[in-house]
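The values are calculated or read from the model by the stated rules, or taken from the named source; none is laboratory data. Note that the structure is a prediction, hence the values are computed from the model and not measured. No Cβ is skipped: glycine too gets one built from the backbone with ideal geometry, and neighbour counts run over all protein chains shown.
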Amino acid sequence: MNDFLHALKIVDDLCIGCSLCMNICPTKAIRVRKGKAKLMNNRCIDCGECFRICPVGAILIEQDDFGLIFNYKYRVALIPAVFFGQFPSKYPISKIYQTLIDLGFTHVFEVENGVDIIKKATREILSQDHDTKPLISTFCPAIVRLIQVKFPALVHNFTLLKPPLDVAALYFRKHLQNQGADESEIGIFYFTQCAAKIAAIKSPAEEEKSPITGVINMDSAFNKVYQKVKQENGDSSVQIPVTAGFASNDVLWSLTTGESDTAMGRRMAIDGIHNVIAFLEKLEQEENPDFDFLELRACDESCAGGVLTSENRFLTVERIKKRVRKMNAEQPQTEQNQDILNYEDELRRMIFVEEIKPRSMMKLDEDMGEAMKKMKLIRQIVQMLPMVDCGACGSPGCYALAEDIVQSRGLMENCIFIQRRYEEKGMLKPSDSLQIMKNVWGSDKFESKKNQNNETDESK
Ligand code: SF4
Ligand code: SF4
């Protein structure tokens, strides 16, 4: 099985080796070597926590070039509700639509058009008998990857439904084709709030082809649109009339409880990657009562807290809820877009993802016997380490260092406690210890401190 494709890249030249990313990563996917953070592809789930914490912007989230849209005759901006939640309420949605058209798109289509079909399918799945419970939503791609790598026994619990954005894209392609567009002329561009969605679109869980052509990061799209909307000072001379093709509550789908509120049975919504991990650890130990459905989201406040959003997540949630109240007041009868209903049977045959398989985060060896030996060795090494998880070895904790030693990615002597013991026994010279630390943290850190100290001494 291939490595995951990732949207995140660490730029060596910018990285100062502070190790903040290593310490926050929920899957221990980062090491520091030669003073630079290194990403382990098979462990990263694209949650974006490292991007959020990096103090110098050394972690980038790659996106498609905006100019790519002009390769297509039909250029569709596929927009989630969270994008509109970035804008102060004084800018009407119709104005934002118009600005997107001014920027070069030929169509604007909202992701929430795809919610109704997924909502109905979720309820149907939940109404059937299942040996495996609780069922876990496949909406958040970082959670799907988390379960694949860290909780592989739970892959059988997935609902295996595509997210609304895929349904919306599949529908709009069909809609344009029925109006005479050729498949090759259609470009559908999703405005994403997170890295995990980019990775899922570019490399879907089970390698299916995504119906989305390209991905534009929400923060850069917001800046482009906001500058233009502001310049025009809210002028609303030419505006596209916006008729939501979905029920008002569908707008809440990507927020915390948006999905579980419409599900059935005993259900729970958990947001924040570390909260989700803590809960799944309990679930694995069967410490939790009998749930039917779990909505799990990697970001706090779900998609409103995505790493590529520009606005405060609580404010975004408040604005989205305000929109729902406005929709209820203005169009209480709004229901699913009739044209989508015409395609419903066809779309419903396309909304399931293939079975999602576990991905080994720590495959010790192809040979089972060798893997068992290595596992035993890890346990023995752990016994010798101080278990203080200081991270001075450049690995995120003592257990991770033990794994790294067995996988030839680290040395016993990387541990500063072991170094002292070896020095005491004459097995290591202090200069060797210094060289080992330079290999982990880079020479610069030691030399610059020395120079600084010399400068301080001279100035006394
Ligand atoms: S994106 Fe998440 S899983 Fe990947 S390296 Fe960063 S913090 Fe770790
Ligand atoms: S947070 Fe990670 S990527 Fe950013 S400077 Fe620190 S070590 Fe480098």
> Quick one: which of Gly17, Gly35, Gly57, Gly85 is more than 12 Å from ligand 1 (Cβ to nearest atom) and either of a type in the set (Phe, Trp, Tyr) or surrounded by fewer than 15 Cβ atoms within 10 Å (Cβ to Cβ) (or both)?
Replying inline: Gly57
> Name the pairs: first residue in the stretch 412-426 and in contact (Cβ under 8 Å) with a residue 12 or more places away in the chain, second residue buried (at least 17 other Cβ atoms within 10 Å of the Cβ) and among the charged types (D, E, K, R), Cβ to Cβ under 9 Å, at least 6 apart or on different chains?
Replying inline: Asn414/Asp404; Gln419/Glu413
> Tell me, which residue of the stretch 120-146 that is under 18 Å from the mean Cα position of the chain (by Cα) and not in a helix (DSSP H, G or I) is farthest from Tyr190 (Cα to Cα)?
Replying inline: Ile136
> Looking at (1) surrounded by 14 or more Cβ atoms within 10 Å (Cβ to Cβ); (2) at pLDDT below 85, which is the only condition Gln338 fails?
Replying inline: (1)
>> Going through Leu154, Leu176 one at a time, which residue ends up being farther than 26 Å from Asp250 by Cα, out of contact with any Gly (no Cβ under 6 Å at 6 or more places or on another chain) and either of a type outside the set (Gly, Ala, Ser) or modelled with pLDDT of 95 or more (or both)?
In response: Leu154
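Going by the conditions given, is Tyr91 among the hydroxyl-bearing types (Ser, Thr, Tyr) and in contact with a His (Cβ under 8 Å, 6 or more places away or on another chain)?
Values: among the hydroxyl-bearing types (Ser, Thr, Tyr): yes; in contact with a His (Cβ under 8 Å, 6 or more places away or on another chain): no.
For Tyr91, the condition - among the hydroxyl-bearing types (Ser, Thr, Tyr) and in contact with a His (Cβ under 8 Å, 6 or more places away or on another chain) - is not met.
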> Being basic (Lys, Arg), buried (at least 22 other Cβ atoms within 10 Å of the Cβ) and part of a loop (DSSP other than H, G, I, E, B), is that true of even one residue in the stretch 147-170?
Replying inline: yes
>> Checking Leu5 against (1) buried (at least 21 other Cβ atoms within 10 Å of the Cβ); (2) assigned to a loop (DSSP other than H, G, I, E, B); (3) among the aliphatic types (A, V, I, L, M): exactly one of these is not met. Which one?
In response: (1)
>> Quick test of your reading of the structure: Ser19 fulfils all but one of (1) more than 11 Å from ligand 2 (Cβ to nearest atom); (2) at pLDDT 95 or above. Name the failing condition by number.
In response: (1)
>> Quick check on Val406: is it in contact (Cβ under 8 Å) with a residue 60 or more places away in the chain, hydrophobic (A, V, I, L, M, F, W, C) and not assigned by TED's automatic domain parsing to the domain that holds Ala200?
In response: no
> Out of curiosity, is Glu49 within 15 Å of ligand 1 (Cβ to nearest atom), of a type outside the set (A, V, I, L, M, F, W, C) and either within 20 Å of the chain's Cα centre (by Cα) or surrounded by 16 or more Cβ atoms within 10 Å (Cβ to Cβ) (or both)?
Replying inline: yes
>> What's the number of the only condition in (1) buried (at least 18 other Cβ atoms within 10 Å of the Cβ); (2) more than 27 Å from the chain's Cα centre (by Cα); (3) in the same structural domain as Thr138 (by TED's automatic domain parsing) that Glu330 fails to meet?
In response: (1)
> Within the stretch 43-111, which helices (runs of 4 or more DSSP H) (wholly inside it) include 3 or more residues that are among the hydroxyl-bearing types (Ser, Thr, Tyr) and at pLDDT below 95?
Replying inline: 93-102
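Which residue out of Ile45, Ile96, Ile79 is more than 15 Å from ligand 2 (Cβ to nearest atom), touching a residue at least 24 places away in the same chain (Cβ under 8 Å) and not assigned by TED's automatic domain parsing to the domain that holds Asn312?
Values: Ile96 fails: not assigned by TED's automatic domain parsing to the domain that holds Asn312; Ile79 fails: not assigned by TED's automatic domain parsing to the domain that holds Asn312.
On inspection, the qualifying residue turns out to be Ile45.
Scanning the stretch 369-406 for residues that are outside any helix (DSSP H, G or I) and in contact with a Lys or Arg (Cβ under 8 Å, 6 or more places away or on another chain), which turns out nearest to Cys18 (Cα to Cα)?
To start, the set of residues in the stretch 369-406 that are outside any helix (DSSP H, G or I) comprises 385-397.
Subset that is in contact with a Lys or Arg (Cβ under 8 Å, 6 or more places away or on another chain): 394-397.
On the way: Gly394: 10, Ser395: 12, Pro396: 12, Gly397: 15 Å.
Only one residue fits best here, namely Gly394.
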